[in-house]
């Protein structure tokens, strides 16, 4: 039983990161129907930027996070303006391929600037942690759980109450109608990219603090894919919940069934779930008219 | 003056060659391909071999993604299945090449069926990510099934030989690959002009409409998966013989993404486009190698790789931005200008 609790708790700790990353994917997909394959790379880029900032100025963790939120919003807007907006009106698949090209470019740029050696993101919370009975959690992991909760709450308030959020939901429901109702759809797209980049930035800083930085940090973006698919590509909150589910599942399968299952158990699960529910657990089925 | 190509009957519409000029050019191309290795250096022959092998696989992917519209990032997985089948059969069981090639194709086709069935209900990006999951799972299975696949240490394949004739050099292997590529191109072209190919196109345009018009969508989607993965499996087997060593590292997701970018750069849905895309993308890598190499040791080895990656990413982005029809689109435009000059159309 203790083993089970240990696996579950550490699964939740990694799962909240998947959840955060997944929220970024889902938000962009919801608003623009594009899967942003560069999401993991944007996350990596911002965590490396955080490294540069943290090593030039000594900032407390929250200060660093705030600066990174600001920077990542700008990164998101720039990427949207330079790479994504020119693709408006083209096939969705073309835009997806643009994000793949962008991903390749960001990976190269990060190694060109910061080198290929693993780095540590210096923050003031460092190795401190809290012990709950037999389970030890780093402060940064606790912050991650708190930040996921905060992001989910923030997104809910934003989508439910703010003018922009309502416009975003309208655009997601039917783009053309939203446009006819006077919503500035390109503006909505830009905001969606900015928010997704902010969430990517938060998860990047957390990942950098918990696991350190390396040129393969982007693979975390790949690892979070099962979470988004399980939740349904267009469900922001579904992504958060299924991120935790996938994290726990990965740990349990590794712990009880076999070595190495951690890498693929998420993908195996989505294969099964998609057969039964092709739009994920919380996704909206698309009604097609011919 | 020729003012255009006019098809006046259905048989003309689906004929392999639309006019005599095309036939002449095809003959010229085949002759050129036959004498090419006599003129090329060993290094270049090896490069061309790699391109032709990739082309076999990418033509297969094009049938699935370009013609049927099912986006697949499973290319690396099917390549791995094909390559490992060939490597295991030839190295551990001593099977000859002429048996290994179809066996790899069939094995990959079987896996295509396995991936295809759960994918029947999925569309668009859901499908893309599921096929990506397949690639990740396959590499994991290969790594863990050490008894058969030798795990992470990889397998060395014997020299390719066909009916007792050893194809030891790249130049002799060239002709075998050329023959298979020709078969692949003919096969793809014939599928496209047949009933099956038209069903594929109908599914790409709008699968519900296709179903309403009497196309059994599920069956044809599975056909597309099976045929495409057969191609890719054969390409994987050839790859195993070409590199003479298979290892899981050669089949990362990057290969899948590269393959999709090749059909996009070439032009979605066109067999010629697939081949041109392969030549362009692999050629670009080679040219970059040469250029950066001739610039001397001012750059570290890490940054050479990264610089190549950056330019590669940029090429994909620029192509999609400015020429979404791909190189075939440019060619068509140029041809129209040439034929109609001095008129616009």
Q.
Could you work out the relative contact order of segment A:246-290? I mean the mean sequence separation of Cα pairs under 8 Å and 6+ apart, divided by the number of residues, in percent.
A. 24 percent
Q: Return a whole-number percent for the relative contact order of segment B:1-122, with Cα pairs under 8 Å and 6 or more residues apart as the contact set.
A: 13 percent
**Q.** Likely footprinting exposure, A:218, A:193, A:62, fewest C-beta neighbours within 10 Å first
**A.** A:62, A:218, A:193
Q. Taking Cα pairs under 8 Å and at least six residues apart, what relative contact order does chain B come out at, in percent?
A. 29 percent
Q | Shielding by partners - mean other protein chain Cβ count within 10 Å, residues of B:307-317 | A | 6
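At 1.306 mPa s and 10 °C, plugging the Kirkwood radius over alpha-carbon pairs of segment B:248-329 into Stokes-Einstein gives what diffusion coefficient in µm²/s?
In µm²/s, the coefficient is 118.
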(Q) What distance in nm lies between label points placed 7 Å from Cα along the C-beta direction at residue B:341 and residue A:78? (A) 4.4 nm
Q: Would you calculate, for the protein assembly as shown, the mean residue ellipticity at 222 nm contributed by helices, counting each DSSP H stretch of 4 or more residues as -39,500 (n - 2.57) and dividing by all residues, to the nearest 500?
A: -24000 deg cm²/dmol
Q: For segment B:1-113, just say rounded, prolate or oblate: build the C-alpha gyration tensor, square-root its eigenvalues into a ≥ b ≥ c, call rounded for a/c under 1.5, and beyond that prolate if a/b exceeds b/c, oblate if not.
A: oblate
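Could you list B:56, B:281 so that the one with the fewest beta carbons within 10 Å of its beta carbon is first and the one with the most is last?
B:281, B:56
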Q.
As an exercise, use a Förster radius of 35 Å and the Cβ-Cβ distance of residue A:156 and residue A:2 to find the FRET efficiency, rounded to the nearest 0.05.
A. 0.50
**Q.** Measure of compaction for chain B (Cα Rg per 2.2 N^0.38 Å)
**A.** 1.02
Q | GNM flexibility winner over chain B from B:183, B:106, B:253 (Cα, springs under 10 Å) | A | B:183
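Which shape class, rounded, prolate or oblate, goes with chain A when its Cα gyration tensor gives a ≥ b ≥ c as root eigenvalues, a/c under 1.5 marks rounded, and past that a/b bigger than b/c marks prolate?
It is oblate, given that a/c is not under 1.5 and a/b is not larger than b/c.
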Q) Who wins for biggest fluctuation among B:67, B:139, B:315 in a Gaussian network model of chain B, springs between alpha carbons below 10 Å? A) B:315
Q. Stokes-Einstein at 20 °C, 1.002 mPa s, Kirkwood radius from Cα pairs: D for segment A:38-91 in µm² s⁻¹?
A. 174 µm²/s
**Q.** Estimated inter-spin distance, residue A:70 and residue B:193, nm [label 7 Å along Cα→Cβ]
**A.** 6.5 nm
Q) Per residue of A:272-280, what is the mean number of Cβ atoms on other protein chains within 10 angstrom of that residue's Cβ? A) 4
**Q.** Per-residue Cβ neighbour rank within 10 angstrom, fewest leading, B:119, A:56
**A.** A:56, B:119
Q: Work out Dmax and Rg for segment A:113-156 from the C-alpha atoms and quote the Rg first, both in angstrom.
A: 14.6, 43
**Q.** Ranked packing of B:336-343, B:94-101, most packed first, by mean Cβ within 10 Å
**A.** B:94-101, B:336-343
Q.
Calculate the FRET efficiency for residue B:21 and residue B:245 from the Cβ-Cβ distance with a Förster distance of 56 Å, rounded to the nearest 0.05.
A. 0.80
Q) In terms of the Cα gyration tensor, with a ≥ b ≥ c the square roots of its eigenvalues, is the protein assembly as shown rounded because a/c is under 1.5, prolate because a/b exceeds b/c, or oblate? A) prolate
Q. To the nearest whole number, what is the average tally of beta carbon atoms from other chains within 10 Å of the beta carbons of peptide B:117-128?
A. 5
(Q) Running a GNM on chain B with Cα contacts under 10 Å, which residue among B:188, B:252, B:261 ends up with the highest mean-square fluctuation? (A) B:252
Q) Regarding segment A:69-160, what are the three Cα extents along the principal axes, ordered largest first, in Å? A) 55, 43, 24
Q) residue B:29 to residue B:209: FRET efficiency via 1/(1 + (r/R0)^6), r the Cβ-Cβ distance, R0 45 Å, to the nearest 0.05? A) 0.75
(Q) 7 Å from Cα along Cα→Cβ at both residue A:164 and residue B:166: what's the point-to-point distance in nm? (A) 7.0 nm
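Every read-out reported here was derived from the displayed coordinates using simple, explicitly stated rules and does not represent laboratory data. Everything numeric here is computed off the predicted structure, so don't read it as measured data. Neighbour counts are summed over all protein chains in view; Cβ atoms, including those assigned to glycine, are modelled from backbone coordinates with ideal geometry.
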